[in-house]
Amino acid sequence: MKTKLFSSLTAAIAVAGLIVACNKSNSTGSSSTSSGTSATEVQTQSDDETQVSNELDAATNDVNNSLNASTSFSGATSYSSGIITDGGSGGPIIVDLSICDATVTTDTANGLRQIVITYNGANCWGNRIRTGVIVISIPVGVRWRDTGAVVTVSIQNLKITRVRDNKTITLNGTYTYTNVSGGLLRDLATLGTITHTIAADSVTIRFADSATRTWSVAKQRVFTYNDGVVITTTGTHSDGTNTDVAIWGTNRYGNAFESLISQPKVIEQSCDWRLTSGQNVIIRPAFTVTVTYGLDVNGDPTGCPGSGTYYYKAVWTINGKTYTFIAPY
């Protein structure tokens, strides 16, 4: 069995936001401001944030794959054909670290130490089309397997088109990616856990209506092993009250929000790299939205659908009336 590591993730690290005042200096394009409290606007916000969060995670997975696959930058002497040994059953799991819709090159000229991921617009997974570039910069002397290794990731005009409805977003920005614990995916069965963090002060999102917003990200991802790789994601930013904030900024309507991961988000290789459980709480000054993952079309918890469809359920109350929105991810 050959599994494309993380590339098939369609997991939603969904629906995000922050309690900060609307800052028009970092919002361009569509400048209209709405209360954002209508059912349609809340659904649009939820979908925006689901898509953006999902694609940022997918990009980070590509970065991690590229770092693990490069012996020059990972510090590994070889990659043993991408085999991670299952410490439980003893059987090998073959992990393909290539990216089906991109080419990956390295640049070490003139003192540079960079990995460049160039997306080519292929629809190899059937759910999205990506173009643009990601540049990973690695300081001299740093190996990705080292404890505390930090790299800088620059996202440059990464345009994603969702195939099912042709909805587009374009991402730009820079973030730091840290291998807190050290270790490579090839060593996971032996190490037991590997911990990474993601920190971004300003990722810019341009929506299809030309509205442009800036979001911040602070997450921890813990890799463990249980019948395959398991990734558990939590938020790490503190707003003074909550310490589990994952994403914050303003939505396309100019409304401030923050998204807390109230129940850890869990992605499992044994379920074809799908988001199988977790919950976000999205705080807005006007209301709070609770979003639950790993559900069926009726909004009930379900088992692993593999390549089938998972759904999330968003629930919020405004003026004494409770709304429920169920959508696929």
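A short reminder: the numbers here are calculations on the coordinates, not readings from a lab. Predicted model, so just to flag it, every value in this text is computed and none were measured. Cβ coordinates were reconstructed from backbone atoms using ideal geometry, including for glycine residues, and neighbour counts include every protein chain displayed.
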Looking at the range 129-215, which chymotrypsin sites (Phe, Trp or Tyr not before Pro) are DSSP coil and have at most 10 other C-beta atoms within 10 Å of their C-beta? none
Amide H contacts of residue 158 (H built 1.01 Å from N, under 5 Å, at least 5 apart or other chain): 133, 171
Gyration tensor (alpha-carbon) shape descriptor, the range 266-329, a/c threshold 1.5: prolate
Length gained if residue 140 through residue 96 is fully extended, taking 0.36 nm per residue and subtracting the Cα-Cα distance, is 13.1 nm
Calculate, for residue 156 and residue 222, the FRET efficiency according to 1/(1 + (r/R0)^6) with r their C-beta to C-beta distance and R0 22 Å; round to the nearest 0.05. 0.15
Rounded to the nearest 20 Debye, what is the dipole magnitude of the range 172-309 about its Cα centre when Lys and Arg each give +1 and Asp and Glu each give -1 at the C-beta? 340
Please compute the modelled spin-label separation between residue 297 and residue 208, points set 7 Å along Cα→Cβ, answer in nm with one decimal. 2.2
Calculated diffusion of the range 216-264, Stokes-Einstein form, Kirkwood radius summed over Cα pairs, 25 °C and 0.890 mPa s, µm²/s: 205
Which loop-located trypsin sites (Lys or Arg not before Pro) does the range 120-199 contain, where loop means any DSSP state but H, G, I, E or B and the Cβ has at most 12 other Cβ atoms within 10 Å? 164
How far apart, in nanometres, would the label points at residue 321 and residue 122 be if each is projected 7 angstrom from Cα along the Cα-to-Cβ direction? 4.9
For the range 162-210, with the dipole built from +1 on Lys and Arg beta-carbon atoms and -1 on Asp and Glu ones, taken about the Cα centre, which of 207, 192, 181 lies farthest toward the positive end? 207
Before anything else, pin down the relative contact order of the range 220-329: Cα pairs under 8 Å, at least 6 apart, normalised by residue count, whole percent. 16
What is the Cα radius of gyration of the range 187-307 over 2.2 N^0.38 Å, N being its residue count? 1.19
